[in-house]
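One structure is given below, encoded as structure tokens.
The values are calculated or read from the model by the stated rules, or taken from the named source; none is laboratory data. In this text, all values refer to a predicted model and were calculated from it rather than measured experimentally. We place every Cβ from the backbone using ideal geometry, glycine too, and count neighbours over all the protein chains shown.
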Amino acid sequence: MKDIVFLCDKRINTKTGFLEALSKISDTTNILLVEQGYEQFASLPEGLFSAVFEVNDITRIDQVEEVFERILDEYDVERVIAPTENVVETGGYLRTRFGIPGIQKNQAETVRNKWIMKETLRQAGIHTSQTRIASNAVQIRKIVAGIGFPIIIKPISGWATIMTYKLSNQEELERYISHSWNRESVLIEEFITGREFHIDSIVSEGELVFSSVSEYLFNCLEIVQNDRPSGTICYPTNTNFEYVERMQSFNEEIIRTLGIRNSVFHAEVFLLPNGEICFGEIGARIGGIVIIPPMVLNSHQVNLFDAAIQTELGIYEAPSLVNSGKYTGAINFPSAVGKIESISSADDFKSMEGLIDIRINYTSGQSISGGRDTMSRSGFAIVEGPDIEFVRKQLLELHDKFVLVHQ
């Protein structure tokens, strides 16, 4: 029986899909390494974990390493499961430090540090944006002058478009330096004009065994900076859009370059006006764990949560391709900050054609505290349909009809 460690922040309630997938594995002893305070978010599934070890901050390597030493005194750990973006580097460090198979420290850094990520792929001949690192205001101004407006400035190892800015002129740049920059090194990129897609894929024993192409309703930066609806549409296997096959080949080249043999991946790419494909970024984890897995499951009958757990354990079997013909879309309902005066309910949308799931997480009178990023939502809806335009129309209608009034 394998002893495995599952890494998790305190928001255990958002890891339900992973925990359900882990519960399907019968020949493991599961140890949970989790942040203190997780009990306020959810109870652990009964009998799933043989032991629970706590740290104050799951991203603090010194804290995690000390506790992991204690775990190794009691268990013969063969695998570390690091399922979400914020624990990928922690998992990589532990595997390298203690000689455990899986994504190693240098590989984890490649899929988290966006400079290393893009430079690695650029050296392999993969098209990506012009990118530089700046550490002070003088360097920021000099690099921006060299690249030219508009530009993107963001954290080197960020996620969910948090602290990511599109700046179009010198006035906006100076405002960013004065009011938004946190005085840490930042990544500066040329702005890419094009349609934004994500490719969600599974690699088992070095072979790309599944990939799914989806298109964002609006680019991620438009969602954050211009309050555009946050949504995406998953293409079925038998789509006839020629760029889908090209994106899958492009994605395969990316993953081959990274050299990671067992993982799920979430890549973002752009389809440029001239038809070329440009790399955006990639993570060795499931993207959008609330909405992307149910989309992929509906269009392809592939469970990404099962894949995330089983690839790490080296037991994943390649799925059979399903030609469902279904386009599946998801829309995130907007969030806010304050006390809710009124909010739509799921019953308000029950007659919507193509609706297969809807969740609204709040009711009137509750407090809500969302952020300006691609993770914050007050709920979501999943829609299926025979073509992309039908699904797009339904998603935008759901967004427009949703009501959230707050103080």
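Structure values in brief
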read-out	value
The lone exception for Gln63 - which of (1) more than 21 Å from Arg97 (Cα to Cα); (2) buried (at least 16 other Cβ atoms within 10 Å of the Cβ) it fails	(1)
Which listed residue is within 22 Å of Tyr316 (Cα to Cα) and loosely packed, with under 14 Cβ neighbours inside 10 Å, from Ser26, Ser50, Ser43	Ser26
Test: residue in the stretch 37-55 that is of a type in the set (A, V, I, L, M), within 17 Å of Ile309 (Cα to Cα) and touching an Asp or Glu at 6+ places or on another chain (Cβ under 8 Å)	no
Count - residues of the stretch 208-257 that are assigned to a loop (DSSP other than H, G, I, E, B) and not aliphatic (A, V, I, L, M)	12
Among (1) β-branched (Val, Ile, Thr); (2) closer than 27 Å to Gly17 by Cα; (3) part of a helix (DSSP H, G or I), the one test that Ile260 misses	(3)
Val34 being out of contact with any Cys (no Cβ under 7 Å at 6 or more places or on another chain) and not assigned by TED's automatic domain parsing to the domain that holds Ile162	no
Of all residues making up the stretch 88-104, the number that are touching a Ser or Thr at 6+ places or on another chain (Cβ under 7 Å) and touching a residue at least 60 places away in the same chain (Cβ under 8 Å)	2
Subset of the stretch 6-47 [assigned to a strand (DSSP E or B) and within 13 Å of Ile58 (Cα to Cα)]	Phe6, Leu7, Cys8, Leu32, Leu33, Val34, Glu35
Selected residue (criterion: farthest from Gly91 (Cα to Cα)) from residues of the stretch 109-150 that are of a type in the set (Lys, Arg) and buried (at least 17 other Cβ atoms within 10 Å of the Cβ)	Arg132
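The rows are residues; the columns are (1) under 28 Å from Asn136 (Cα atoms); (2) at pLDDT below 85; (3) hydroxyl-bearing (Ser, Thr, Tyr); (4) not assigned by TED's automatic domain parsing to the domain that holds Val296.
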{"position": "Glu171", "(1), (2), (3), (4)": "yes, no, no, yes"}
{"position": "Val213", "(1), (2), (3), (4)": "no, no, no, no"}
{"position": "Thr239", "(1), (2), (3), (4)": "no, no, yes, no"}
{"position": "Glu253", "(1), (2), (3), (4)": "no, no, no, no"}
{"position": "Asn262", "(1), (2), (3), (4)": "no, no, no, no"}
{"position": "Phe270", "(1), (2), (3), (4)": "no, no, no, no"}
